[in-house]
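The structure appears below as structure tokens.
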Amino acid sequence: MSTMPASHGHNAACCNIPPVVSTGYQAKGTYKEYGDLKTYTTGPSDASKGIVIIYDIFGYFDQTVQGVDILATSSDTKYQVFIPDWFKGEPCPIEWYPPNTEEKQKNLGAFFGKHSPPSVAQALPGYVDSLKAKHPEIKSWGVLGVIVSLTTSAATNPFSIAASCHPAMVDPSEAPGIKVPLVLLASKEEPADKVQAFEAALTNAGAKHVETFGDQIHGWMAARADLKDERVKEEYTRGYRTVLDFFGKNWA
């Protein structure tokens, strides 16, 4: 875990997860534009449910794209899935991790200042409007990412269900405002007391599942997943299976 301080707020049986590829993943989807954002999109075009993915700070990494393809192709329920490129081709270089030098910390702090979680959360409803305009066949929307509680606790929330994976900033004060089913999968790096307090305060969601993957690092379901490690691959797969299971049971 980096010593850099926090910055800028910054049913399993029905799921058929394909074998996870450690290297050289071939994406199943395509890139389109919605609003002014390049977007990776995947999944069957006749699906009536859509999922928006908020990628981590490293952007379109193979591990992230592979996870999105899993969501789109591994359940009895059909989903169209979308990853907007919030960073517009300029994600955080993964070489800045761990931020163990003053220069890396300065660069990372500037990146978070430019792309703060609240700014992305505020832009999400407008982005979903652009998706709705081009996809009237999609009747309801879900979201997965690290800023989910910010989005789903806001009055402008456009989502019917949500998944928060290794969220980094766990704020229990946001939990009471969440009024849609939520699954939260924490890593060992999210503070256990904050995760417990968040779960206790998640009283209006209707359905919830909160679980800590105790031997996994922040980012194990995204760009920082070392899929050459069999244990990481196992928990990466189980994470996506858990999300699909929760969505399958609780998305009306």
Net charge near ALA223 (other residues with Cβ under 9 Å of its Cβ; Lys, Arg +1; Asp, Glu -1) is -1
Rg (Å, one decimal) plus Dmax (Å, integer) for the alpha carbons of the chain? 16.9, 50
What value, in deg cm²/dmol to 500, does the helix sum -39500 (n - 2.57) over DSSP H runs of n ≥ 4 give at 222 nm once divided by the residues of the chain? -10000 deg cm²/dmol
May I ask you to evaluate 6.51 cos²θ - 1.76 cosθ + 1.60, the Karplus curve with θ = phi - 60°, for each residue of the range 195-212 and list the ³J(HN,Hα) values in order in whole Hz, giving x for glycine and proline? 4, 5, 5, 4, 4, 5, 8, 7, 9, 10, 6, x, 10, 8, 9, 10, 8, 9
Would you list which lysines come within 17 Å of LYS139, measuring only between C-alpha atoms, while excluding same-chain residues fewer than 8 positions from it? LYS49, LYS78
If neighbour count is taken as other Cβ atoms inside 10 Å, put CYS92, CYS165 in order from fewest to most. CYS92, CYS165
For the charge dipole of the range 186-252, defined by +1 on Lys and Arg C-beta atoms and -1 on Asp and Glu C-beta atoms about the Cα centroid, which residue among PHE246, PHE198, GLY214 has the Cα displaced farthest towards the positive pole? PHE246
Burial order of peptide ranges 200-210, 44-54 (average beta-carbon count within 10 Å, highest first): 44-54, 200-210
In terms of the ratio Rg/(2.2 N^0.38 Å) built on C-alpha atoms, what value belongs to the range 55-103? 1.48
Work out Dmax and Rg for the range 179-252 from the C-alpha atoms and quote the Rg first, both in angstrom. 13.1, 39
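Only the coordinates and a few stated rules stand behind these numbers; no lab work does. What you see is a predicted model, and the numbers here were worked out from it, not measured in a lab. Note that each Cβ is placed from the backbone with ideal geometry, even for glycine, and that neighbours are counted across all protein chains shown.
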